[in-house]
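Asker: Please see the structure below; I have some questions.
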Amino acid sequence: MTTPAPSRDAGPEIRLAERADLLAVYRIEQSAFPQPWPFSAFEQYLGEPGFLVAVDGAVIGYVVADTIYKHGRRIGHIKDLAVHGDHRRDGVGARLLTQAIGVLDAEGASAVKLEVRESNEGAIELYREYGFEQRSTVPNYYSDGERALVLVRDV
Ligand SMILES: CC(C)(COP(=O)(O)OP(=O)(O)OC[C@H]1O[C@@H](n2cnc3c(N)ncnc32)[C@H](O)[C@@H]1OP(=O)(O)O)[C@@H](O)C(=O)NCCC(=O)NCCS
């Protein structure tokens with residue numbers, strides 16, 4: 001044997017989301033969040049460079065990110081991120097986050113922000129690992145009344 005077997009270390013493929021991915025994305029969204037985005041919200045991001053999926057045979061995670069122009073500079077916004085429950089703690093969320101930040105960088109963002117439920121310890125840990133720091137809190141950000149932490153990092 002001269003060629004080693006393909007390594008699993010490479011992880012899932014990360015690519016732009018396509019229409020055919022939307023049902024799988026929506027199912028993950030429904031299982032991951034108490035107040036999931038509607039299907040139509042994902043449709044609106046189709047074709048956006050910051051709507052990425054992780055694919056390992058099937059869609060196992062996704063991220064939605066975009067930029068806004070605020071106070072004279074472009075700010076990246078991670079709007080949604082989830083990994084299928086069977087595929088967590090395998091580096092998929094981190095890869096999606098890293099790729100999304102790369103897209104935001106290419107779009108000229110100087111910083112990235114996101115909101116996260118203050119009870120979402122796993123996600124907060126992920127974001128802290130990747131350099132996000134708490135900037136502020138927003139009371140009643142979620143419709144069940146929970147506060148959001150606003151986390152920010154430089155690109
Ligand atoms: C948050 C989420 C996207 C993380 O995805 P993931 O693929 O499991 O994360 P990763 O495997 O890439 O984790 C990378 C690192 O983040 C931290 N981390 C991730 N999930 C964690 C958890 N539940 N508890 C503690 N630390 C966690 C760890 O440091 C982890 O590294 P390690 O596994 O080597 O210890 C996933 O748990 C999820 O989909 N949750 C439901 C949806 C959600 O809350 N999304 C975020 C909304 S703001």
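What follows is calculated from the coordinates using simple rules that are stated; it is not laboratory data. Given the structure is predicted, the values throughout are model-derived calculations rather than measurements. For neighbour counting, all protein chains shown are included, and Cβ atoms are generated from backbone atoms with ideal geometry for every residue, glycine included.
Asker: Rounded to whole Hz and in sequence order, give me ³J(HN,Hα) for segment 109-114 from the Karplus expression 6.51 cos²θ - 1.76 cosθ + 1.60, θ = phi - 60°, writing x for Gly and Pro.
Answerer: Listing the rounded values in order: 6, 9, 8, 10, 10, 7 Hz.
Asker: Also, I was wondering about something else. Quick check: residue separation of SER119 and ASP154 times 0.36 nm, minus the Cα distance between them. What number comes out in nm?
Answerer: Separation in residues times 0.36 nm, less the Cα-Cα distance, equals 10.2 nm.
Asker: Could you list which residues have their amide H under 5 Å from that of GLY61, counting only those 5 or more apart in sequence or on another chain, with H placed in the peptide plane?
Answerer: ALA54, HIS84
Asker: With just the Cα atoms defining each centre, how far is segment 9-32 from segment 76-138? Give it in Å.
Answerer: Rounded to whole Å, the Cα centres lie 16 Å apart.
Asker: With runs of 4+ DSSP H residues as the only contributors, calculate the mean residue ellipticity of the chain at 222 nm using -39,500 (n - 2.57) per run, divided by the residue total and rounded to the nearest 500.
Answerer: Mean residue ellipticity at 222 nm (helix-derived): -8000 deg cm²/dmol.
Asker: Whose amide H sits under 5 Å from the amide H of ALA111, counting only residues 5 or more places off or on another chain, with H placed in the peptide plane?
Answerer: GLY76, VAL155
Asker: Also: Express in % the proportion of alpha carbon pairs of segment 12-154 at distances exceeding 18 Å.
Answerer: Summing the P(r) tail past 18 Å for segment 12-154 gives 55 percent.
Asker: Then there is this: What angle do you read, to the nearest 10 degrees and between 0 and 90, between the alpha-carbon axis of helix 22-32 and the longest principal axis of the chain?
Answerer: 60 degrees
Asker: Sequence-distant or interchain residues sharing an amide H contact under 5 Å with GLY50, placed H: which?
Answerer: Hits under the 5 Å cutoff: ALA65.
Asker: Set the Förster radius R0 to 30 Å, insert the Cβ-Cβ distance between ALA111 and LEU16 as r into 1/(1 + (r/R0)^6), and round the FRET efficiency to 0.05.
Answerer: 0.80
Asker: Moving to a separate point now. Calculate, for ALA41 and ASP144, the FRET efficiency according to 1/(1 + (r/R0)^6) with r their C-beta to C-beta distance and R0 25 Å; round to the nearest 0.05.
Answerer: Step by step, r from the Cβ atoms, then E = 0.85.
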